[in-house]
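What follows is a set of notes on a single structure, which appears directly below.
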Amino acid sequence: MNILVFAPHDDDEVLGAGGAIAKYADEGHDVYICGVTSGPDPEEIETIRSEAKTAHEVLGVKEAFFLHLPMIGLRHMETSEINAKIHDVVMRINPEVVFLPHKGDMNFDHAETTYAAMVALRPFNVPALREILVYETLSETEWNTPTVDNLFIPNVYIDISSTIDKKLEAMECYQSQLRIYPHPRSLEAMRALSMVRGSTICVEHAESFMLIRSIRK
């Protein structure tokens, strides 16, 4: 299968679905990452792109696309421009499974990425599509205002007991983004969340997701 993961910011893909990415890759599927935004500093962009490429090698990603849209600025762009760039990636990959950020996350880039992706992922556009899943991002999903429309309510779990170490190794590649515990964007917090999600389904480690769409044939 072709698996497509949208990351509003480089490292979101690892935080939210790194274990699933590695698991799909280990099983022989082709995993693609779409990094949506980047900051204004060319030197910082180069650093994070290098970190992303190393992290993707750890996870077994086949190819990554970087759209270079303005970080923390998607909501101020023309909707048609964002939609067109996301649409081009979706058409190029023709994915069977797609992972998106949670639209209730604190950073508006997450919501805008998901809204644009959902436009591109309409069934008549992607006939091969079988599943759309939303991931949680530590320091974004749990920190937003606790209103009903912002809640992350997991109903799909992927056992990542065999790939949790790869997920953490990939996150270690993002030295510019990694923080020291008890910050949620730390290796200890990531492992702790995977254990909590794992205990929900009685496995050692898991990632949890919200199902948007599942098509059975």
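The values are calculated or read from the model by the stated rules, or taken from the named source; none is laboratory data. None of the values given here were measured: they were computed from a predicted structure. Virtual Cβ from ideal backbone geometry, glycine too; neighbours counted across all protein chains shown. Ligands, DNA and RNA are stripped out before the accessible areas are found, and what is left, the full protein with its side chains, is counted by its heavy atoms. Shrake-Rupley method; radii C 1.70, N 1.55, O 1.52, S 1.80 Å.
Filtering GLU204, GLU142 for residues that are farther than 30 Å from ILE45 by Cβ, among the charged types (D, E, K, R) and assigned to a loop (DSSP other than H, G, I, E, B) leaves a single hit, GLU204. If you go through the range 186-217 and keep only what is touching a residue at least 60 places away in the same chain (Cβ under 8 Å), surrounded by 16 or more Cβ atoms within 10 Å (Cβ to Cβ) and of a type in the set (S, T, N, Q), you end up with SER194, SER208. Condition check for ALA84 on (1) out of contact with any helix residue (DSSP H, G or I) (no Cβ under 8 Å at 6 or more places or on another chain); (2) farther than 18 Å from HIS110 by Cα: one failure, at (2).
Would you check if there is a residue in the range 150-169 being polar (S, T, N, Q), part of a loop (DSSP other than H, G, I, E, B), closer than 18 Å to ILE21 by Cβ and open to solvent by less than 80 Å² (accessible area, probe 1.4 Å)? Checked the range 150-169: at least one residue is polar (S, T, N, Q), part of a loop (DSSP other than H, G, I, E, B), closer than 18 Å to ILE21 by Cβ and open to solvent by less than 80 Å² (accessible area, probe 1.4 Å). Taken as a whole, the range 32-54 holds no residue that is at pLDDT 95 or above and in contact with a Gly (Cβ under 6 Å, 6 or more places away or on another chain). Would you check if LEU129 is hydrophobic (A, V, I, L, M, F, W, C) and under 14 Å from the mean Cα position of the chain (by Cα)? Here the answer is no, as LEU129 does not meet what is asked.
From LEU133, LEU129, LEU100, grab the single residue that is in contact (Cβ under 8 Å) with a residue 60 or more places away in the chain and in a loop (DSSP other than H, G, I, E, B). Exactly one of LEU133, LEU129, LEU100 is in contact (Cβ under 8 Å) with a residue 60 or more places away in the chain and in a loop (DSSP other than H, G, I, E, B), namely LEU129. In the range 113-122 there is at least one residue matching the filter, namely being in a loop (DSSP other than H, G, I, E, B) and either open to solvent by 40 Å² or more (accessible area, probe 1.4 Å) or touching a Pro at 6+ places or on another chain (Cβ under 6 Å) (or both). Of the residues making up the range 57-88, those that are in a helix (DSSP H, G or I) and open to solvent by 10 Å² or more (accessible area, probe 1.4 Å) number 12.
Of all residues in the range 1-48, those satisfying the criterion of being surrounded by fewer than 16 Cβ atoms within 10 Å (Cβ to Cβ) and either under 22 Å from ARG130 (Cα atoms) or in contact with a strand residue (DSSP E or B) (Cβ under 7 Å, 6 or more places away or on another chain) (or both) are MET1, ASP26, GLU27, GLY28.
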